[in-house]
Each structure stands twice: as structure tokens, then as C-alpha cells.
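> Sharing a structure, written as C-alpha cells. Questions coming.
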Amino acid sequence: MSGLFETFGRRALFTLDAEQAHGLSIAALKSGLLSCGSSDPALAVTVAGLSFPNPLGIAAGYDKNAEVPDELMKLGFGFAEVGTLTPLPQTGNPRPRIFRLIEDRAVINRLGFNNEGHEAAFQRLVRRAGKSGIVGVNIGANKDSADRIADYVAGIRRFYSLASYFTANISSPNTPGLRDLQARESLGLLLSQVLKARDDAAAKSGVVRPVFLKIAPDLTEEGLDDIAAIALAHPLDGLIISNTTLSRTGLRGTKNTGEAGGLSGAPLFERSTIVLAKMRQKVGPALPIIGVGGIDSADTALAKIKAGADLIQLYTGLVYRGPGLPGEIVKGLSQLVKREGVKNIRELRDRDMERWAAKAIPL
């Protein structure tokens, strides 16, 4: 299916503006015609108390407004993460704001948390209440918020009854000043208030929802040390590594490379995997990590796991490989697990961690 898409479907979609093409893909999923999922017990993993049928998820940014999480899981994803959602609707940055780097199989975006706000997504998630499947909610802050930490707390409170887990996204490069929340003092304050909101909601409901923190791939070793220390000092349930990068290192093409925004796709694979492995070394074996960045095949998916990831997510790979990609990756992972001679994919985590962690983070 991916081969057909790359030959015919991508050619047609790439004649459209990137944002128009994205809208068409959401509409296609809503039609219910796309379904190619399968299951393999050897890929089932339990992370932060949640049982995932396989470790592959759709990253936040694709289904910003919680329109198609169930349809995405029918493609083969083991879980879906919706958002980023902000308390109030916001239009984001001016268009055009998504740019394809075709030669590099990459995308630059400067969307700026465009979404319909908490209320619209809440109503959609209410309608799927009771359905199976793990759906995480990625929460953020409005661009003009007077209290950004309060926006994250509001996200926890609003979606607590509906989210399988939460992701606090403090690493988008497209909201001015947002990445400042990764600094040691600011991060400690954010996690204290967000996790207190979670604990308060858990005490009332009797259900504890995991909270993950999504970080940038552009941090220094010292920055990673600070985040590791703060993460371990709080009852955080895991890290997501990583968001898009501001770096343009290693790009082959020239078209659109000068556009402002975060870069995702194949060129992010090495940087994000190095950061993932370094962070695994720093936080130890117990804290869950979701690996994101440049995954577009079963081999790159498994490489993330061997570098230290418990779960993995992709988005940009869909742009270039099409809706058959998740099913293809899941099938490929099943074959790779058998080839490795293990009973479950969990046994392969960390096998290449030291090799990846020994590499320098690219400039």
C-alpha cells in the first residue's frame, strides 16, 4: 500500500498546499474506508500502567482537534495522541506555514498550536467515551496566555475523565518563549503544578492518569542533565523525545530549507535518537520514554527501541509513505522480533543505547 501511495497518491497530494493535503487526509480517515491494522502478542507492551497492543503511535500534531483517533488506530497504530490543545481556540501563525522538503523526506512547520480549543475537542472525546483504544491528550498554552502553567493545569482538569494519558508539550519552537519552560526552575514549577492537578483529579476519580513531558532535540548535555534531574525529582510518568528541531544540519535539498519553524522527518532521526539514548542513560531504566523523530520504517522504529524507547511515534513518515505505513511497520516489527529470537519486543530495549549515547549531539 505504501508503494502505491508513493507512486500515485503522493504525486497527486503534493500538487496541493501541504495544509490542504492534510485536511484531505483527515477527511479520508473520517470516511471509514481506510483500515489495515493487525495484532501480534509479541509486540504488546505495558507502559505507565497502560497496555498497548503494539508500541507504534501517531504523534501529536496530526489529529490536532481529536477528530479521528479511532480511525488512526484502525490503520495499525497501537495508540493515538491528539492535540496540541490549548484552552482557547487559536488560529496559529499566518499561512503558508507548512513546507515540504521532498529531497530530504522532511517537513518544516511553524503552525503555532493552531487548534479549536479545549471545548471542541472535549465534545468529540465525550462522543467516543467507552470505546477501547489508548488516546493521549497533548496539552499546551495559548500564545497570549498571561499564565502558561495555568493553561497546562486547565488541560489536565478538562480532559481528566477522557484521556488515557497526558503529554505536556513545552518544546514546540513555534510559540515564542515556550521552550523557556524547559529551564530547570521553570520546569520544576510546571511539573509541580501539573502533577498536583493530576493527583487531585486522581484522588476524586480513583484513576491515575500518566503524565509525559515532551522535550526538544536541541538541548545541550547540560540541558539534558537539568531535565533528567527535575524529571526524577517529580512523580512524572515518562518523557517524549523529541519534538521538531531548529537545526538544518545535514539537509541535501535547497528548496524551503530557509523557512522558519521546526524540522521533522528523516533528517531528525539521528539527532533525536542520540538525545533519546543520552536521556535513557541519565534517567535510568525505569522511567518510560517515547521515541519520536524520523521513523519511516520497521528498521528505524526498532532502532529507537534499541536506543532506549519503550514506545515510538511518527507523523511526517505518513506524509511521504501514506496510510499503509503504520501497518507495514507493525508487520515489519513482528518479523524483526522473530529474527532477533526474542519473545517480546520489550527484550530489545536498550541493546544499542550505549552506542547511540556515545555520539555527540549534532551542531
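> State all residues of the range 326-349 that are in a helix (DSSP H, G or I), without any contact (Cβ under 8 Å) to a residue 60 or more places away in the chain and touching an Asp or Glu at 6+ places or on another chain (Cβ under 9 Å); if no residue qualifies, say none.
Gly332, Leu336, Glu340, Glu347, Leu348
> Confirm whether Ala163 is under 29 Å from Ser132 (Cα atoms), assigned to a helix (DSSP H, G or I), modelled with pLDDT of 95 or more and not hydroxyl-bearing (Ser, Thr, Tyr).
no
> If you check Ala360, Ala277, which single one turns out to be out of contact with any Ser or Thr (no Cβ under 6 Å at 6 or more places or on another chain), surrounded by fewer than 22 Cβ atoms within 10 Å (Cβ to Cβ) and in contact (Cβ under 8 Å) with a residue 40 or more places away in the chain?
None of the others qualify; the one that does is Ala360.
> Next question, about the same structure. Report whether or not Ile240 is part of a helix (DSSP H, G or I), crowded, with 22+ Cβ neighbours inside 10 Å and in contact (Cβ under 8 Å) with a residue 40 or more places away in the chain.
No; evaluated as a whole, the condition is false for this residue.
> Go through (1) surrounded by 20 or more Cβ atoms within 10 Å (Cβ to Cβ); (2) not in a helix (DSSP H, G or I) one by one and return the number of the condition Lys304 breaks.
With (1) surrounded by 20 or more Cβ atoms within 10 Å (Cβ to Cβ); (2) not in a helix (DSSP H, G or I) applied to Lys304, the lone miss is (2).
> Right, here's the next one. Pick out the one residue from Gly136, Gly112, Gly117, Gly155 that is modelled with pLDDT of 95 or more, touching an Asp or Glu at 6+ places or on another chain (Cβ under 9 Å) and not hydroxyl-bearing (Ser, Thr, Tyr).
Gly136
> What are the residues in the range 256-288 that are closer than 16 Å to Ile215 by Cα, out of contact with any Pro (no Cβ under 9 Å at 6 or more places or on another chain) and assigned to a loop (DSSP other than H, G, I, E, B), if any?
The one that is closer than 16 Å to Ile215 by Cα, out of contact with any Pro (no Cβ under 9 Å at 6 or more places or on another chain) and assigned to a loop (DSSP other than H, G, I, E, B): Leu287.
> Right, something else. I need every pair where a residue in the range 26-39 that is farther than 16 Å from Leu13 by Cβ has its Cβ under 9 Å from the Cβ of a residue that is β-branched (Val, Ile, Thr) and modelled with pLDDT of 80 or more, sequence separation at least 6 or different chains.
Between residues of the range 26-39 that are farther than 16 Å from Leu13 by Cβ and residues that are β-branched (Val, Ile, Thr) and modelled with pLDDT of 80 or more, the close pairs are Lys30/Val68; Gly37/Val330; Ser38/Val330; Ser39/Val330.
> Go through (1) surrounded by 16 or more Cβ atoms within 10 Å (Cβ to Cβ); (2) part of a helix (DSSP H, G or I); (3) at pLDDT 95 or above; (4) not hydroxyl-bearing (Ser, Thr, Tyr) one by one and return the number of the condition Arg179 breaks.
(3) is the only condition that Arg179 fails.
The values are calculated or read from the model by the stated rules, or taken from the named source; none is laboratory data. Remember, predicted model here, so these are calculated numbers, not experimental data. Heads up, the Cβs are rebuilt from the backbone with ideal geometry, glycines too, and the neighbour counts pull from every protein chain shown.
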